[in-house]
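Enquirer: Encoded as structure tokens, here's the structure I'll be asking about.
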Amino acid sequence: MATGFVIGLTGGLGTGKTTVARILQELGLTVISADQIGHQLLEPGTAVYERVKEFFGPEILDAAGQIDRRALGRIVFRDPEKRGRLNDLTHPAIIARIKAEVDRLKQAGKDVVVEVPLLFEAGLAAKAEIGFDEIWVVAASPAVQLARVQTRDGLGEEEARRRIGVQMPLEMKIARADVVVYNDGNETELKEKVKAIFAARKQAHISSADA
């Protein structure tokens, strides 16, 4: 039985990664979200929750004892050392969950897209290690990206630029991608583009597997 086609999907803030993942889901792919897994692992009662709470202290908790992601975000976006520590506390568990899910779905013949905002930063670029067949990067022009981040997150220009600057530069991600999806237009244009790219890449994958 043929194994499924697995895409590792990443990009910069505001480039449209989640929209591309949703379009691929509409095309029949199963979506795995690293952010969603991270949310689950930060729920009270998990080992990751306890480690994060111990390191960052009670100021990151809301009245119900849940981790306030906005409060945590304000801390780590402004402090590279603490951001690195948060990644150390969360990434191994997230990666392990992704690996297990990808292996299960791929062996079942499912096509999968794994949305990982920090794919390169988290060291997931080794495709064979995770089970990715290709890495796709969603990109947008700097002006479009900045405007989207400001609108989406309700941020001023300075804060939006700072948050974009925290991540690996988009041009570096583009240079390491198998596929780049440029997204400066509207969603209708993006949908047609993604459909065409996926059809071509899936056919190439099938042809390679049959060779």
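Read the figures in this text as sums done on the coordinates, not as results from a lab. Quantities reported herein were computed from a predicted structural model and do not represent experimental measurements. For neighbour counting, all protein chains shown are included, and Cβ atoms are generated from backbone atoms with ideal geometry for every residue, glycine included.
Enquirer: When a/c is below 1.5 the answer is rounded, else prolate if a/b is larger than b/c, else oblate, so apply that to region 75-145 with a ≥ b ≥ c taken from the square roots of the Cα gyration tensor eigenvalues.
Expert: oblate
Enquirer: How large is the dipole of region 133-211 about the Cα centre if only Lys and Arg carry +1 and Asp and Glu carry -1, each at its Cβ, rounded to the nearest 20 debye?
Expert: Computed about the Cα centre, the dipole is about 60 debye.
Enquirer: How big is the antiparallel share of DSSP beta bridges in the chain, given as a percent to the nearest 5?
Expert: 5
Enquirer: Among all the lysines, which ones have a C-alpha under 25 Å from K99's C-alpha, if same-chain residues fewer than 8 places away are not counted?
Expert: Reachable lysines: K17, K110, K127, K173, K202.
Enquirer: Can you bin the chain into rounded, prolate or oblate? Criterion: square roots of the alpha carbon gyration tensor eigenvalues sorted a ≥ b ≥ c, rounded for a/c under 1.5, prolate for a/b above b/c, oblate for the rest.
Expert: In terms of gyration-tensor shape, oblate.
Enquirer: Something else now. For region 96-211, what class follows from the C-alpha gyration tensor (a ≥ b ≥ c being the square roots of its eigenvalues): rounded when a/c is under 1.5, otherwise prolate if a/b is larger than b/c, else oblate?
Expert: In terms of gyration-tensor shape, prolate.
Enquirer: Using alpha carbons only, how many degrees (0 to 90, rounded to 10) separate the axis of helix 157-166 from the longest principal axis of the chain?
Expert: With rounding to tens, the tilt is 70 degrees.
Enquirer: Okay, next question. Let me have the 222 nm mean residue ellipticity of the chain computed from DSSP H runs of 4+ only, each contributing -39500 (n - 2.57), with the sum over all residues rounded to the nearest 500.
Expert: Roughly -18000 deg cm²/dmol at 222 nm, from the helical runs in the chain.
Enquirer: Using only Cα atoms and rounding to the nearest 10 degrees, what angle (0 to 90) does helix 69-78 make with the longest principal axis of the chain?
Expert: 90
Enquirer: Next up: Order by neighbour count: K202, K106, fewest other Cβ atoms within 10 Å first, most last.
Expert: Going from least to most buried by this count: K202, K106.
Enquirer: Right, next: For region 38-53 and region 146-204, what is the separation of their C-alpha centers, rounded to whole Å?
Expert: What the calculation gives is 29 Å, centre to centre.
Enquirer: Let me ask something else about it. Lys/Arg Cβ at +1, Asp/Glu Cβ at -1, dipole of region 6-206 taken about the Cα centre: which of G109, V138, A93 is farthest positive-ward?
Expert: G109
Enquirer: Could I ask something else about it? What's the magnitude of the charge dipole for the chain around its Cα centre, counting Lys and Arg as +1 and Asp and Glu as -1 at the beta-carbon? Answer in Debye, nearest 20.
Expert: 80
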